[in-house]
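What follows is one structure encoded as structure tokens, with my remarks underneath.
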Amino acid sequence: MNINHPEQFIPTDTLKNHVLYTRVEFINSPYYMSVLKFLFDKKIESMVDLGGCTGETTLIYKEGIPTLKKCLILEPILENFNFIINRVDEQQVTVLQKAIYYGSSYLEIGLEGRGVGSWSHDFNKNVTKCETITLEEIESNMLEIDFIKVDIEGLETNLIENSKALQNIKYLEIEFHRDLIMSTKWSLYVEKWLPNHKLLYGGSDGKNQDGSGFFVRKDIV
């Protein structure tokens, strides 16, 4: 894995450090390791990573799932996007500087300044516009999705409540943000909006592993 990148793409070492942080967090997490172990022999061929950040999570899954051949990463922040494309094999991993979103052809996002190219749709500083895409467009034009990882800074509700394609994907790994994960309404929300899936790993109150939940489509559990 080559993480020696041109300086113009990395103003600081923050993203390099986050690569290491992500890997350490992943391999030391019972939640993430349970997900990876479960997916190991499921003959998954395609993955979409919504909110790629440094691309490290996709690379970990690619290393850990032998059958995984096609990966697509969406990352709206230019600094992160440039970082990712300089460390992946573009023949195996496609990277788009786009955001997943329903309701508009572009999204206004702001950098939060937390040092990792973090962004939010409701942060009002360093605002930039990003082109959007839907899961339906991805499946229609690019690939059929077996597994999806979602970490999109609070916009997961926009995806869950509007995407019909999401309901048919076999395996979902979703990080829930903001007030929803601190509420007893979390389980009710999941039951309403993800009726085709069963929660396999993650706290029933949404607080396990930063609000993450791993879901498997009910007909294949």
Q | Selection within segment 15-53 - out of contact with any Asp or Glu (no Cβ under 9 Å at 6 or more places or on another chain) and polar (S, T, N, Q) | A | Asn17, Asn28, Ser29, Ser34
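Let's see how each residue does on (1) among the charged types (D, E, K, R); (2) free of Cβ contacts under 8 Å to residues at least 40 places away in the same chain; (3) over 23 Å from Gly211 (Cβ atoms):
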{"position": "Leu15", "(1), (2), (3)": "no, no, yes"}
{"position": "Glu25", "(1), (2), (3)": "yes, yes, no"}
{"position": "Ser46", "(1), (2), (3)": "no, no, yes"}
{"position": "Cys53", "(1), (2), (3)": "no, no, no"}
{"position": "Glu75", "(1), (2), (3)": "yes, yes, no"}
{"position": "Arg87", "(1), (2), (3)": "yes, no, yes"}
**Q.** Subset of segment 35-75 that is of a type in the set (Gly, Ala, Ser) and under 20 Å from Leu20 (Cα atoms) - its residue that is farthest from the chain's Cα centre (by Cα)
**A.** Gly64
Q: With the checklist (1) modelled with pLDDT under 85; (2) within 18 Å of the chain's Cα centre (by Cα); (3) closer than 27 Å to Ile133 by Cβ in hand, flag the one item Tyr21 doesn't pass.
A: (3)
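The values are calculated or read from the model by the stated rules, or taken from the named source; none is laboratory data. Because the structure is predicted, anything quoted here is derived from the model rather than measured. When we count neighbours, we look across all protein chains shown, and the Cβ atoms used for this are built from the backbone with ideal geometry, even at glycine.
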